[in-house]
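Below is one structure, written out as structure tokens; the observations come after it.
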Amino acid sequence: MAEDTLGTDTPVIVSVPDKPALEGLEERLGARWREQGTYKFNAETTREQVYSIDTPPPTASGSLHVGHMFSYTQTDVLARYQRMRGKNVFYPMGWDDNGLPTERRVQNYYGVRCDPTYSYVEGYRPPATPAKNQRDWDVVSRKNFIELCEELAVEDEKVFEHLFSTLGLSVDWDLTYRTIDDTSRAVSQRGFLANLNAGDAYMAEAPTLWDVTFRTAVAQAELEDREMPGAYYRYPFTAEDGTQVFIETTRPELLAACAGLVANPDDERYKPLFGKTVTSPLFDVPVTVYPHALAKMDKGSGIAMVCTFGDLNDVTWWRELQLPTRAIIGRDGRVIAETPEWITTEAGAGAYAQIAGKTVFSAKEGVVELLIAADLLDGEPKKISHPVNFFEKGDKPLEIVSSRQWYIRNGGRDEERRTRLIKRGEQIEFHPAFMRSRYENWISGLNGDWLVSRQRFFGVPVPVWYPLDAAGEPDYENPILPTDEMLPVDPAADVAPGYQESQRNEAGGFVGDADVLDTWATSSLTPQIVGRWSRDEDFFNKVFPFDLRPQGHDIIRTWLFSSAVRADALHDVAPWKHAAISGWILDPDRKKMSKSKGNVVVPTDVLNDFGADAVRYWAASAKLGADTAYEIAQMKIGRRLAIKLLNASKFVLNLGATEANVVTGDTAVLTNPLDRAVLAQLAEVIRVSTAAFEKYDYARALQLTESFFWHFTDDYVELIKDRAYGASGEEGQASVLAALATTLDSLLRLFAPFLPFATEEVWSWWRTGSVHRAPWPSAVAVDDGDTTLLATVGDALSGIRKAKSEAKVKQRTQVISATVTAGEVQAAQLTAGLGDLRAAANALELTVAVGDGELTVSDVELAPAEEPAQA
């Protein structure tokens, strides 16, 4: 099939295989689509002609599971529909190889670790066999590490691409990218620098959520609450008059970091203390008591210890009450060794020495022991279970430390920007619509700007250097920025503009920023990366703003929101017109399937067992946003449907239907009421399915098409066989062949987004080109067609067949006579289809009677099985 006939209806010789089968279609047709460029995007286009998709890039260092098949199939169904509607579909695929999963995989696979301070080694090759002990791993530069990442990613991505191709994704495989390649790093840095120049990015010393295992800052979007056991410890501060003021806390280890006490302004118990000083136990530090509305009168003793920093409430109190910073937990998760300056008494210093250098856990035990020894612990600790903040990839509770970090403004501290970003969400049509509330609720709950710097070795470097003063101290207020031509840069390895390498880390010289950007800071720019922003503006304007962002609902707060933040700041628009939000796949216990939970199913197994069309049927049966159970039974139904489509198509084409029989305008050839009825019913299916697709409700379109298909095969095809073979003359045969060909033509197009392999296989039997480049079906206007006639005649045929089954005779047994009783309207329908009904039932005489109630078949007289009656 030549490229120039893609999607055409040029008649060819009908060639139907003797034994149609689904096996082998994925490999054979996938290779044909790739060779013929069936899904290739045409860059010579206008924005009006394009339908662009911001495809989520899967993590290339991991493995695919059925959740990927589920959500990516739903996107592909929409892409295929738009292509058949005449759109030039821009459907790329990216690989997310920037982040901790890739860093770990490269480390373990090659036995290397990254250190940006190391020099690049040309032609470096890792050890043939990685060392077992991490201490013995090779240490390589960031550039060498990225090269190894890209090398390994090539192999990973081949596996992913093969699986996605087997699934039938209609991606243009010439439009691929990696989130760590040179282009992505340059775009990510260019976007950051644009934010910095516009005042949308800034550096600040501030309380920062910190993972002590990974030794990195954590953004609010990466938090995960986990229910953990804990206990309230009750002990007293001492007021100026000697009165004991009891507090209850789950974090006694932070007693030395206490900067104040807070109680609710309306709490009568503590009003006399507001503005007065109390002294902390053990460490003898005077602190002030403050009123604050966040303090809860019914929590603990009603008065809270504000430590810098125990939780996010502490951060709020510290900021709003302008409390001193008294941090005692270091970035390693241990109590700082040196006694803090605010602990001035000998007893306080002695107490501090007993917890200095200890982990948070050991420090808690130490403080509790000191309180018990001093007879200050009031009663036994009250055991509780409470939510604790974790890094989503971490295994230890987060601490809050004070550090210098980079931020991008996201409305967390700016009401005007917050309102604007909510308005951006209103410009995006969410599918389903209720998912917009998750976007808005996330924005409303923000308590700070987006922290984008990470203290990791691998990633996109923060593209900034700092001049060093005469004392060798960095001047953070006057960063050195690269020119655009320099991007991508690695400040840890590349020289700052205007300096020499010899001046690195020297007084009067420069130092490179050692941090990397949060992975979301790059992933938030996927439209800009794949759309060629800042490299080919004409191309970018043809695809941006994108038409569709498909993704899971669990990353609305991260990927979707961060992308909206960047598009708002860089382009003053929403990044897409539509957001298609997929649900989760649930295991038999109704829990989300995920690699971390160990309950995933490998996609190759189900693809091998049931075939791609069956898996796609299962995925497309679920509406957007719906969490869906992993169901083998549904895949079996999909496989049965695909096989039935092959066999029913074979039967129709073997009856003599050809492309020449397809009705496109004049319906005069349709002389039989049943034929006109089936095409009228088909027209309604096309109309409603099209409307459903336009609303992104592909599941409704599939359900309508499938329901019609089974009526077509089980009722219509059975009813018209005799006439199709010419029993009613040439006119009757021409009518039925026109109905059969037209219905098959439309059904293949209707099913094409869902069952791409079976529909393409059938299309090739009687048409040239690809069904996937053919137009979406248009309804044939059969104004006088009765859309319920087929169902009525089909019910009558079912009633006669039931009578034969109850009589335990074969279905081909002749009916000597029978009566079908129905209401007036149905009786008229039966009369219209009586000839086909009589032939399908093998009946000599059928009487149609008008009666009340439902359609019934009665007085069925069957010919003896041994001696068929003669006409």
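The values are calculated or read from the model by the stated rules, or taken from the named source; none is laboratory data. Since we're looking at a predicted model, the values are computed, not measured. Glycine gets a Cβ as well: all are built from the backbone with ideal geometry, and neighbour counts include every protein chain shown. What goes into the accessible areas is simple: the full protein's heavy atoms, side chains included, and nothing from ligands, DNA or RNA. Shrake-Rupley method; radii C 1.70, N 1.55, O 1.52, S 1.80 Å.
Remarks
- The listed residue being hydroxyl-bearing (Ser, Thr, Tyr), closer than 21 Å to Pro286 by Cβ, touching a strand residue (DSSP E or B) at 6+ places or on another chain (Cβ under 9 Å) and open to solvent by 20 Å² or more (accessible area, probe 1.4 Å), out of Thr325, Thr359: Thr325
- Filtered residues of the stretch 328-347 (kept if among the aliphatic types (A, V, I, L, M), out of contact with any strand residue (DSSP E or B) (no Cβ under 8 Å at 6 or more places or on another chain) and part of a loop (DSSP other than H, G, I, E, B)): Ala337, Ile343
- Residue identified as in contact with an Asp or Glu (Cβ under 9 Å, 6 or more places away or on another chain), of a type outside the set (Phe, Trp, Tyr) and either part of a helix (DSSP H, G or I) or within 30 Å of Ala629 (Cα to Cα) (or both) among Leu148, Leu163, Leu152: Leu152
- Filter result for Gly302 (open to solvent by less than 30 Å² (accessible area, probe 1.4 Å), out of contact with any His (no Cβ under 6 Å at 6 or more places or on another chain) and without any contact (Cβ under 8 Å) to a residue 40 or more places away in the chain): yes
- The listed residue being under 23 Å from the mean Cα position of the chain (by Cα), modelled with pLDDT of 90 or more and among the hydrophobic types (A, V, I, L, M, F, W, C), out of Val77, Val66: Val77
- Any hit, the stretch 777-790, residues being surrounded by 15 or more Cβ atoms within 10 Å (Cβ to Cβ) and among the acidic types (Asp, Glu): yes
- Flag for Ala807 being surrounded by fewer than 20 Cβ atoms within 10 Å (Cβ to Cβ), over 30 Å from Arg616 (Cα atoms) and in contact (Cβ under 8 Å) with a residue 12 or more places away in the chain: yes
- So Ala295, is it open to solvent by less than 10 Å² (accessible area, probe 1.4 Å), in contact (Cβ under 8 Å) with a residue 12 or more places away in the chain, assigned to a loop (DSSP other than H, G, I, E, B) and in contact with a strand residue (DSSP E or B) (Cβ under 8 Å, 6 or more places away or on another chain): yes
- Search result, residues across the stretch 432-457 that are closer than 25 Å to Val212 by Cβ, out of contact with any strand residue (DSSP E or B) (no Cβ under 8 Å at 6 or more places or on another chain) and open to solvent by 20 Å² or more (accessible area, probe 1.4 Å): Asn447
- Any hit, the stretch 730-748, residues being in a strand (DSSP E or B) and in contact (Cβ under 8 Å) with a residue 40 or more places away in the chain: no
- When Glu718, Glu761, Glu730, Glu694 are checked against the criterion of being surrounded by fewer than 24 Cβ atoms within 10 Å (Cβ to Cβ), under 34 Å from the mean Cα position of the chain (by Cα), acidic (Asp, Glu) and at negative phi, Glu694 stands alone in meeting it.
- Every condition in (1) surrounded by fewer than 17 Cβ atoms within 10 Å (Cβ to Cβ); (2) not in a helix (DSSP H, G or I) is met by Ser170 except one, and the failing one is (1).
- The residue list Ile336, Ile372 contains one member that is modelled with pLDDT of 95 or more, open to solvent by 60 Å² or more (accessible area, probe 1.4 Å) and of a type in the set (Val, Ile, Thr), which is Ile372.
- Condition met for Ala194 (outside any helix (DSSP H, G or I), among the small types (Gly, Ala, Ser) and open to solvent by 20 Å² or more (accessible area, probe 1.4 Å)): no
- Residues in the stretch 569-585 that are closer than 16 Å to Asp547 by Cα, of a type in the set (Gly, Ala, Ser) and over 9 Å from the mean Cα position of the chain (by Cα): Ala574, Ala579.
Residue-wise test of (1) in contact with a helix residue (DSSP H, G or I) (Cβ under 9 Å, 6 or more places away or on another chain); (2) not in a helix (DSSP H, G or I).
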position	(1), (2)
Leu645	yes, no
Ala648	yes, no
Phe651	yes, no
Val663	yes, yes
Asp666	no, yes
Thr671	yes, yes
Leu674	yes, no
Ala680	yes, no
Thr690	yes, no
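- Conditions (1) under 24 Å from Met435 (Cα atoms); (2) at pLDDT below 95; (3) of a type in the set (A, V, I, L, M); number of the one not met by Leu548: (2)
- The stretch 21-39, subset open to solvent by less than 30 Å² (accessible area, probe 1.4 Å) and small (Gly, Ala, Ser), residue nearest to the chain's Cα centre (by Cα): Gly30
- Residues of the stretch 385-438 that turn out to be assigned to a helix (DSSP H, G or I) and in contact with a Lys or Arg (Cβ under 9 Å, 6 or more places away or on another chain), as a count: 4
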